Amino acid sequence: MKSATTWLGKTIEFELSGCKLPIQGEVIDAGEDIIVVYGNQRYIYVPLHHIQTLHFTKSEETSTSLNVPAPDPEMDHDNISYRKVLMNARGRFSEISIGQRTLHGYITSIMNDYFIFYSPLHHSVYVSIHHLKYIIPSPSNSRPFAMEHQHFPIQPSSISLSRTLDQQLQKMAGELVILNLGYKPEQTGLLKRINDKLLEFIDAEGSARFMHTSHVQTLHLP
């Protein structure tokens with residue numbers, strides 16, 4: 001995106017859809033569908049389609065480029081893109097944001113429109129690529145909660161993976177599921193069926209609830 005490349009070296013503050021707090025930092029790279037911001041001593045990779053508002057801060061005239069360390073070469077910023085960032089972050093301890101919640105763990109698999117994120121607290125989480133607000137990959141030697149590797153075995157899901165999230169939802173019919181990290185208690189229940197992109201699940205009181213699959217940000221089993 002040509003307009004995004006004009007932000008390189010400038011300090012910006014922007015709001016992301018679904019996120020309460022704005023993000024501030026220096027733009028150090030930009031691609032067709034992603035920008036990379038250095039803020040709070042971290043590289044933040046942000047899909048452009050989630051930026052709601054953006055403005056340059058008063059400090060943008062004084063670039064902090066001399067104080068910004070070089071990006072991890074394993075993240076490979078040549079012809080950077082959103083999907084390439086996900087591929088390079090696979091197997092690396094990362095923080096991801098789904099808006100109201102953040103997760104810490106590892107991308108283990110990437111499918112057409114979703115990926116599997118293994119979290120020590122939530123285990124295998126199916127994350128919609130469209131709903132990821134940002135990802136912050138950590139240095140390659142980082143570990144979650146400073147745990148030793150032997151205390152944090154990545155346990156892949158026993159459920160086989162489908163190409164799309166809608167197909168995966170179909171496969172998980174009959175399971176108790178937690179949608180969107182349980183941010184709303186009524187989005188937890190027995191996944192009954194998916195028909196014409198309408199997901200039906202039964203809540204704890206036995207009532208049927210419906211949701212369009214485009215609003216499924218994450219899915220994981222209790």
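The values are calculated or read from the model by the stated rules, or taken from the named source; none is laboratory data. Just so you know, these numbers come straight off a predicted model, no measurement behind them. Here Cβ is always computed from backbone atoms with ideal geometry, including for glycine, and neighbour counts include all displayed protein chains. Accessible surface is based on the protein model in full, side chains and every heavy atom, while ligands, DNA and RNA are left aside. Shrake-Rupley method; radii C 1.70, N 1.55, O 1.52, S 1.80 Å.
What to note about this one:
- For segment 85-117, the set of residues classified as in a strand (DSSP E or B), open to solvent by 10 Å² or more (accessible area, probe 1.4 Å) and aromatic (Phe, Trp, Tyr) consists of Tyr106 only.
- Filtered residues of segment 118-159 (kept if modelled with pLDDT under 75 and not in a loop (DSSP other than H, G, I, E, B)): Pro144, Phe145, Ala146, His149, Gln150, His151
- Among residues of segment 192-204 that are among the small types (Gly, Ala, Ser), those with a beta-carbon under 8 Å from a residue that is assigned to a strand (DSSP E or B) at least six positions away or on a different chain give the pairs Ala204/Thr188; Ala204/Gly189.
- Residues of segment 193-203 satisfying the condition of being buried (at least 17 other Cβ atoms within 10 Å of the Cβ) and either out of contact with any Gly (no Cβ under 9 Å at 6 or more places or on another chain) or over 21 Å from Ser124 (Cβ atoms) (or both): Ile194, Leu199
- Residue within segment 19-27 that is in contact (Cβ under 8 Å) with a residue 40 or more places away in the chain, over 19 Å from Ile136 (Cβ atoms) and open to solvent by 40 Å² or more (accessible area, probe 1.4 Å) present: no
Here's the yes/no breakdown for (1) open to solvent by less than 50 Å² (accessible area, probe 1.4 Å); (2) in a strand (DSSP E or B):
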| residue | (1), (2) |
| --- | --- |
| Leu191 | yes, yes |
| Glu205 | no, no |
| Arg209 | no, yes |
| Pro222 | no, no |
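- Entry remark, segment 1-47: residues being part of a loop (DSSP other than H, G, I, E, B) and farther than 21 Å from Met87 by Cβ number 13 in total.
- Selection count where residues are out of contact with any strand residue (DSSP E or B) (no Cβ under 6 Å at 6 or more places or on another chain) and at pLDDT 95 or above, scope segment 99-117: 4
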